[in-house]
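Laboratory data are not the source of any read-out in this text; all were calculated from the coordinates shown. Values in this document were obtained by computation on a predicted structure and should not be read as measured data. Cβ placement follows ideal geometry from the backbone for every residue including glycine, while neighbour counts extend to all protein chains displayed.
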Amino acid sequence: MSQSRHRTMPPIRIAILGVFLTGLTALFPPIANHVAAEEPSTGLRIYFVDVLGGAATLVVTPERETILIDSGWPGQDDRDPERIVQAIRDAGCERIDHLVTTHWHIDHFGGVAGLAKRLPIGTFWDRGLPEDGLPGESYPDGPKPDDPLGIAYRKASQGKRKILKAGDSLPLRGETSAIVLAASGKVIAAPAGAGPNPACSTAPGALPKDGSDNALSIVLRFHLGSFDFLDCGDLTWNIERDLVCPVDLVGKIDLYQVTHHGMDISNHPTLLKTIAPSVAIMNNGPRKGGSAATVQRLREIPSLQAAYQLHRNAATGEADNTAAEMIANADPAGGRYIRVSVAPDGSSYKVKLGADGPERTFTSH
Ligand SMILES: [Zn+2]
């Protein structure tokens, strides 16, 4: 929250100013089609920042609290931290209150050092580091203490780290909630009396165990009024299935971040069918994710009204991508985000390509 100070102006000067402004309004009546750079938001906003096949999803609550889920790639002159900071500024904010790292892959925590140089970061949330010594936890992909990115993360987050487990929630102000549905390969407990999910009778079988950090991703469900958003990081097939079978632990979702950049070892069909999203947004790159099988699975979701991609997959044909007008970046170098604006009561939401692109409205479930 920014503090604004008020200075008192003598009444005579207010009167003169009033006359002056009235005159100006008469001379320059408001232009009907004027578009503000960014209108102030009273609802929830979600920015899918283009980090070219990495992940960086910014959530801004009605209370102007900022939650960044993953921080993109390192290097390239801090390209990804710059893009993330731009989205934060476009939202009218100046800091990251909560930085969640879903798992220990370079495209998800590589931007931390660049961000820490540019703006204050409140709390760092992750699934633990090897040195935490959490019983039963494993860290197949590090970060090892001598990994330069691991060193940078440890330095930036020193004294500000907290660990998330399935069932935890982020401590947000106001009405928005963010609950952890899975972390470190474990899913949230089923609510008492929950019945079986009928969709599981036709669920595809398990794949060989994924021994990478992807399977250990933190999964967050955001909720405001009647709106729900699901971000599963890079979660893979078997744990995705555990989220909805034998019991549905997720519930209905409006907005779905297509998991794992749209790779087909993620986005389990039974999860997609069960959560029944209206809109899917894929954070793929021109050469990362966006598999044809995933695009097809999205088309088969009966409830889905729109599937967006940050990029066209350069390796597949037009028929294996979403429609051209649903792709945020025509330029493979990218940099244009997809912005979602949720009404204060969560009853509807708008999806916009970039800060100035076309916008479409959807009704929440
Ligand atoms: Zn990834």
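Placing a pseudo-label 7 Å from each Cα along the Cα-to-Cβ vector at E94 and Q158 gives an inter-label distance of 2.6 nm. Could you list, in their original order, any pairs among K252/K273; K165/K186; K273/K352; K186/K209; K117/K155 whose Cα atoms are separated by more than 18 Å? The answer is K273/K352. Loop-located trypsin sites (Lys or Arg not before Pro) across the range 91-196 with a Cβ neighbour count of 16 or fewer within 10 Å are R95, K160, K165, R173, with loop assigned by DSSP. Of all DSSP beta bridges confined to the range 38-363, the antiparallel ones make up roughly 65%. Loop-resident GluC sites (Glu not before Pro) (DSSP state other than H, G, I, E or B) in the range 60-128 with no more than 15 further Cβ atoms inside 10 Å of their Cβ: E63, E94.
Rounded if a/c is under 1.5, else prolate if a/b is larger than b/c, else oblate: which is the range 38-363, with a ≥ b ≥ c the root eigenvalues of its Cα gyration tensor? Verdict is rounded for the range 38-363. The long axis of helix 79-90 is offset from the longest Cα principal axis of the chain by roughly 50 degrees. In this rough spin-label picture, where each label sits 7 Å from Cα along the Cβ direction, the D132-S169 distance is 2.0 nm. Cβ crowding within 10 Å, taken as a proxy for footprinting-reagent exposure, orders S278, S212, S169, S266 from fewest neighbours to most as S169, S212, S278, S266. Sort out for me the Cα centre separation of the range 95-172 from the range 234-253, rounded to whole Å. Between the Cα centres of the range 95-172 and the range 234-253 lies a distance of 24 Å. This ranking places E359, E131 by how few other beta-carbon atoms lie within 10 Å of each, fewest first, which gives E131, E359. Spin-label pair Q76-D356: with each label point 7 Å from Cα along the Cα-Cβ axis, the two points sit 2.2 nm from one another. Of all aspartates and glutamates in the structure, the ones whose alpha carbon falls short of 13 Å from that of K160, not counting any fewer than 8 places away in one chain, are D97, D126.
Just the number, please: percent antiparallel of the DSSP beta bridges in the range 211-287, rounded to the nearest 5. Bridges in the range 211-287 are about 45 percent antiparallel.
Answer with one residue from I151, Y337, A355: the one whose Cα lies farthest towards the positive end of the charge dipole of the chain, charges on Cβ with Lys, Arg +1 and Asp, Glu -1. The listed residue farthest towards the positive side: A355.
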